[in-house]
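Engineer: Below you'll find the structure I mean.
The values are calculated or read from the model by the stated rules, or taken from the named source; none is laboratory data. These numbers were taken from a predicted model, which means no experiment stands behind them. Virtual Cβ from ideal backbone geometry, glycine too; neighbours counted across all protein chains shown.
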Amino acid sequence: MICSILLYSSKWRSQVYRLPLTEQEKTLLLKMTPTSVKTLKKLRSMGIITVILSTHPHPPKEAYSILNDKIKHFNLHALFDEVHATTVKKNSKGLFIKRILRKRKIPKSKALMIGDSYHWDYKSAKNIGVDALLVDSHYTKRNYPEAKKVRKTIKKLSDIINYLDS
């Protein structure tokens, strides 16, 4: 499973990245979304490979560092097989997905992308033939009107378990 879902949130999610703070100070404003850790542990116990792909506007080394600082802050390293920061380019995330699947010899039909961004997560996966779930949230609805047409959605991370069981 490739996971780009928002594992953390802030009361001011849309503004937190615009604040004149250091990346470390911004990280301190973040909180884990309910059910994240429990769900990730369950997925790991099911033998599911979990990967974070996060689109970042920063240069690659800086983006990777910022992402890893967040994962370290929440003590999540043991819950992911791979962590990658992708660039803000139309096909960047899709290329990463293909590379990961090829490296791990996973057919596209066995992969699942979960994310809260219609453009960067859901559409990136669908464009390369990988199944995807879109997190149905205020953020998604506000920023991606086209997401209203998506049928495969979840409300919270723990809904993934039900989706996998069906």
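Engineer: Can we say Lys41 is under 29 Å from Asp165 (Cα atoms), basic (Lys, Arg) and in contact with a helix residue (DSSP H, G or I) (Cβ under 8 Å, 6 or more places away or on another chain)?
Structural biologist: Working: under 29 Å from Asp165 (Cα atoms): yes; basic (Lys, Arg): yes; in contact with a helix residue (DSSP H, G or I) (Cβ under 8 Å, 6 or more places away or on another chain): yes.
Yes; evaluated as a whole, the condition is true for this residue.
Engineer: Another question, then. Just wondering, is there one or more residues in segment 107-121 that are within 23 Å of Lys141 (Cα to Cα) and in contact with a Cys (Cβ under 7 Å, 6 or more places away or on another chain)? Can you show your working first?
Structural biologist: Step one: of segment 107-121, the residues within 23 Å of Lys141 (Cα to Cα) are 112-121.
Next, only the ones that are in contact with a Cys (Cβ under 7 Å, 6 or more places away or on another chain) stay: 114.
Within segment 107-121 (the criterion being within 23 Å of Lys141 (Cα to Cα) and in contact with a Cys (Cβ under 7 Å, 6 or more places away or on another chain)), the answer is yes, since at least one residue qualifies.
Engineer: Let me ask you something else. Hey, can you tell me all the residues within segment 130-147 that are over 22 Å from Thr35 (Cβ atoms), in contact with a helix residue (DSSP H, G or I) (Cβ under 7 Å, 6 or more places away or on another chain) and exposed (fewer than 14 other Cβ atoms within 10 Å of the Cβ)?
Structural biologist: Glu146
Engineer: Any idea which of Asp116, Asp121 is surrounded by 19 or more Cβ atoms within 10 Å (Cβ to Cβ), of a type outside the set (Phe, Trp, Tyr), closer than 22 Å to Val83 by Cβ and modelled with pLDDT under 85?
Structural biologist: On the way: Asp121 fails: modelled with pLDDT under 85.
Matching residue, one of Asp116, Asp121: Asp116.
Engineer: How many of the residues making up segment 93-103 are under 14 Å from Ile128 (Cβ atoms) and surrounded by fewer than 18 Cβ atoms within 10 Å (Cβ to Cβ)? Spell out the reasoning first.
Structural biologist: Residues of segment 93-103 that are under 14 Å from Ile128 (Cβ atoms), as a first pass: 93-102.
So of that shortlist, the ones also surrounded by fewer than 18 Cβ atoms within 10 Å (Cβ to Cβ) come out as 95, 98-99, 102.
The number of residues fulfilling the criteria is 4.
Engineer: How do the pairs read when you match residues in segment 144-166 that are under 14 Å from Asp121 (Cα atoms) with residues anywhere that are loosely packed, with under 10 Cβ neighbours inside 10 Å, using Cβ under 9 Å and keeping only pairs 6 or more apart or on different chains?
Structural biologist: Here the result reads Ile154/Asn162, each pair linking segment 144-166 to a residue that is loosely packed, with under 10 Cβ neighbours inside 10 Å.
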